[in-house]
Amino acid sequence: MNDDARGPIEKAITTGDHEFRELANFAPIMIWRSGPDKLCDWFNKPWLDYTGRDMAAEVGEGWASGVHPDDLERCLDTYVHAFDARKPFSMEYRLLRHDGQYRWLLDNGAPFHRDGVFAGYWGSCVDVSSHRDAERAQRTVINDLNHRMKNLLAVVQAMAMQSFSDDRPVKVSMTAFSGRLRAMARAQDLLLDPSRADLTVHGVIEAAVAPHDPGHARILFEGPPLVLEPEAAVAMAMAVHELLTNAAKYGALSTPSGTVAIGWSFVGPPGAGRARLEWKERGGPPVATPMRRGFGTRFIERVLGGPTRGEATIRFEQDGVCAVFEAPAGQPR
């Protein structure tokens, strides 16, 4: 029977070893074969191209020389145990690529038979390094998200405790709490803005000040470009919001001529320094030191402490409130 007379099933059944190897060499995966003695006796072209070695170097146990030393024992144990049990296996290990890099492969092998007799194993491999890198990046993002959510919940808890802990009307407490929530939301918007590769002190202060002084006529701020850690950025934005609220009610911003100056600098060694921010009010009503620390002062200290490792000092100087913040920061790259 000639080829034209055979149907597709007959053609598949009678396909010879030479035709199979031609097909395997065009396959987009790496294919190997071992005999009943556990020794590999054939690799397809994609495998040889991947390792950059010829068939003579790979057959037998030669392929194992390309396996990463840390993975070799585990790789051989998996192969031998599956082989002896005549069971399929699946494993991952690092193999040396032709460019000198170790890459992660997913190797799947299964036994095959000829005329009812065990004849060895066929196996196929794919490079899964990119997939593993993506999984690792995803785990990092999830862990970071969990960390930030815990910190946010701690901040919200502090906000609630400070907003409702004093003997004040519920409506007043709700107004204070709502304002703090909005300030935190604006700070979170900064973190989620894809156009901001680095979150700077300037950006945080600018966003916090905008609702209170759109024209920048009464609140002046300046300082060098400094990058904040995410938690520190949120804490600083909320602390500044608290000071702005108090200044509008009782301080410099409660009078037509009052002003606020905000300046910042970098203190400490490179890579482990801190942003130091100074707030100073002028031109407002005379300031008297309160008999006890108010809820706003306690809130600022609590928000900047804890996970952010920040610090806050507030002084009630006669000519206006002065506040100094410090939080972890880095100099921009």
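The values are calculated or read from the model by the stated rules, or taken from the named source; none is laboratory data. Only a predicted model underlies this, so the values are computations on that prediction, with no experimental measurement involved. Positions of Cβ are generated from backbone atoms using ideal geometry, with glycine treated the same way; all protein chains shown enter the neighbour counts. SASA here: full protein model, heavy atoms, side chains in, ligands and nucleic acids out. Shrake-Rupley method; radii C 1.70, N 1.55, O 1.52, S 1.80 Å.
Quick notes
- Looking only at residues in region 3-37 that are open to solvent by less than 70 Å² (accessible area, probe 1.4 Å) and at pLDDT 85 or above, the one that is farthest from GLY120 (Cα to Cα) is ILE29.
- Qualifying residue in region 90-102 (condition: at pLDDT 95 or above, of a type in the set (Gly, Ala, Ser), exposed (fewer than 14 other Cβ atoms within 10 Å of the Cβ) and in contact with a strand residue (DSSP E or B) (Cβ under 9 Å, 6 or more places away or on another chain)): yes
- Unique match (being of a type in the set (A, V, I, L, M), closer than 15 Å to ASP127 by Cβ and either open to solvent by less than 20 Å² (accessible area, probe 1.4 Å) or free of Cβ contacts under 8 Å to residues at least 24 places away in the same chain (or both)) among LEU76, LEU106: LEU106
- Identity of the residue in region 210-224, within 30 Å of the chain's Cα centre (by Cα) and either modelled with pLDDT of 85 or more or under 19 Å from THR297 (Cα atoms) (or both), that ends up least open to solvent (accessible area, probe 1.4 Å): GLY223
- Pairs meeting the criteria (first residue in region 21-43 and within 12 Å of VAL80 (Cα to Cα), second residue assigned to a loop (DSSP other than H, G, I, E, B) and open to solvent by 30 Å² or more (accessible area, probe 1.4 Å), beta carbons under 8 Å, at least 6 apart or on different chains) are LEU39/VAL59; LEU39/GLU61.
- Flag for GLU61 being open to solvent by 70 Å² or more (accessible area, probe 1.4 Å), modelled with pLDDT of 95 or more and of a type outside the set (Val, Ile, Thr): no
- Each residue in region 67-108 was checked for being under 25 Å from ALA119 (Cα atoms) and assigned to a helix (DSSP H, G or I), and 14 of them qualify.
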